[in-house]
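In what follows, a single structure is set out as structure tokens and then discussed.
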Amino acid sequence: MISVRSRLQLLSGNRCLFFLAIALITAACSPKLRPVSVQPQKKEAEKPVVNNQPVKQPEKPAGPVVSTISLLLPFDLDHLAPGSSYTTVTLREADIALDYYRGFKLALDSLTAQGYNFKLLVYDTRGDIAQAHSLANNPAVRGSGLIVGPVFPDDVKAFIANFTNARQPIVSPLSPASPSTFKSQQLITIIPPLEYHAWAAARYINDNLRPQKIFILRSGFSDENDYITPFKRAIDSLSKKHIKFVDITVIHGQLNSLLPQLSANEKNVFVIPAKDQHFLNITLRALDTLNNTYPVTVFGHPNWINFSFLMTDLLQRLDTHITSADHVDYKAANTIAFTRQYREAYNTEPTSYSIKGFDEGLYFGQLLATDNLKNLTSTDFAGLHNSFQLQKKAGQGWINTHVNVYKYANFELKKVE
């Protein structure tokens, strides 16, 4: 999962210079065709032949098809002006924008090498709602074949509210915010929202573990319902309500009340949607003690994959499973090839945002160039960070529903589904 407003490392000086260059970009185009001049050969004079038939003008050959994409990202270039400066937040936003742009542009370059032609228009949303609102009225943006961005949910909402073309596809490239909050038929949510993580975990539990009951351990924060509610709904649907729930709020790691309901022979499945560090440290240690007598299998919140305070050896002992829509296998041949190409192009290492930009650039760029954007639900794609399997939802547009399930084995995450 991506939490697009969390902190990130600051930009180096040379990256700021790149932003200045981006400010001057009005279009990044694929190589232009050069006309070839042919000199006619001299011939001896011949007697003219009279032709009374009307002269038929030769048809002009069709020029290459150029696909136009508008990329709306928060470079926050206004902070480069004299008397202004970047804050920690705006630097972090610009970092995301630059990394995503580089990956996206590299993808279009790859497609251009295959014979496609693109015109990439880059706009700075400044992470500002008013700017996003204004860009929705920009004629060049409105005339693009595809719009990618804005990034942040509030900016997406402002852009859509002022955008009247009901047929123009708009990609939300990095936010997992639920599309139900935007109510837009043309929105494409490419990062699976949290509810699809809950469904993926429920499907795996129902199909592979088939427990009689599931223990849900709460910390007490209300936002945990964003995961628990769709998870319960999915389990009820998949199991036809044959799997029961034991739903408790755990205080100071006290799990003794559960002992009469635990099995000493079969896996006891615990779902923990919490993200609080203190709660997780205490509760997981309590489960580790319980695991000495009762077999434990844990399903955690997708954000756990980013928590450095969670010890891998403990998670492995607890047979921990985590869903993810952006876990990259850096040992895979395709990832190694991309990393090498990215280094050669930009003299720096790609980030997760670079990889997302590359995957989305390849996917949408080819669909646009081949006039297949109307076939989103029937065109799947396997990327470096995730696969794209889009479904059309009434009033919500298209949503990528593909989520992988991983478990800890040999002290690393292994894909199990």
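The values are calculated or read from the model by the stated rules, or taken from the named source; none is laboratory data. Owing to the predicted nature of the structure, the values given are computational and were not obtained by experimental measurement. Positions of Cβ are generated from backbone atoms using ideal geometry, with glycine treated the same way; all protein chains shown enter the neighbour counts. Heads up: the accessible areas ignore ligands, DNA and RNA and are worked out on the full protein's heavy atoms, side chains in. Shrake-Rupley method; radii C 1.70, N 1.55, O 1.52, S 1.80 Å.
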### Task
Within region 288-312, count every residue that is more than 29 Å from the chain's Cα centre (by Cα) and assigned to a helix (DSSP H, G or I).
3
### Message
Exactly one condition in (1) among the aliphatic types (A, V, I, L, M); (2) under 21 Å from the mean Cα position of the chain (by Cα); (3) at pLDDT 95 or above; (4) outside any loop (DSSP other than H, G, I, E, B) is false for V89; which is it?
### Response
(3)
### Query
Quick one: is Y116 surrounded by 21 or more Cβ atoms within 10 Å (Cβ to Cβ), among the hydroxyl-bearing types (S, T, Y) and in contact (Cβ under 8 Å) with a residue 12 or more places away in the chain?
no
### Task
Would you mention how many residues in region 154-165 are open to solvent by less than 40 Å² (accessible area, probe 1.4 Å) and not in a loop (DSSP other than H, G, I, E, B)?
5
### Query
Does any residue of region 368-376 turn out to be crowded, with 19+ Cβ neighbours inside 10 Å, at positive phi, at pLDDT 95 or above and not in a loop (DSSP other than H, G, I, E, B)?
no
#### Entry: Search result, residues across region 221-244 that are over 29 Å from the mean Cα position of the chain (by Cα) and open to solvent by 60 Å² or more (accessible area, probe 1.4 Å)
K240, K241, H242, K244
### Unmet criterion (only one of (1) in contact with a strand residue (DSSP E or B) (Cβ under 8 Å, 6 or more places away or on another chain); (2) among the charged types (D, E, K, R); (3) modelled with pLDDT under 95) for R126
(1)
### Selection within region 250-287 - under 12 Å from R218 (Cα atoms), small (G, A, S) and either in a strand (DSSP E or B) or free of Cβ contacts under 8 Å to residues at least 40 places away in the same chain (or both)
G253
#### Entry: Qualifying residue in region 372-380 (condition: in contact (Cβ under 8 Å) with a residue 24 or more places away in the chain and not aliphatic (A, V, I, L, M))
no
### Message
Among the residues that make up region 253-273, is at least one of them closer than 25 Å to D313 by Cα, acidic (D, E), within 27 Å of the chain's Cα centre (by Cα) and open to solvent by 20 Å² or more (accessible area, probe 1.4 Å)?
### Response
no
### Query
Quick check: is even one residue across region 381-396 more than 18 Å from the chain's Cα centre (by Cα) and under 23 Å from T68 (Cα atoms)?
no
### Selection within region 182-208 - in contact with a strand residue (DSSP E or B) (Cβ under 6 Å, 6 or more places away or on another chain) and open to solvent by 10 Å² or more (accessible area, probe 1.4 Å)
Q185, Q186, Y204
### Query
In region 397-416, what count of residues is obtained for those that are loosely packed, with under 15 Cβ neighbours inside 10 Å and not small (G, A, S)?
6
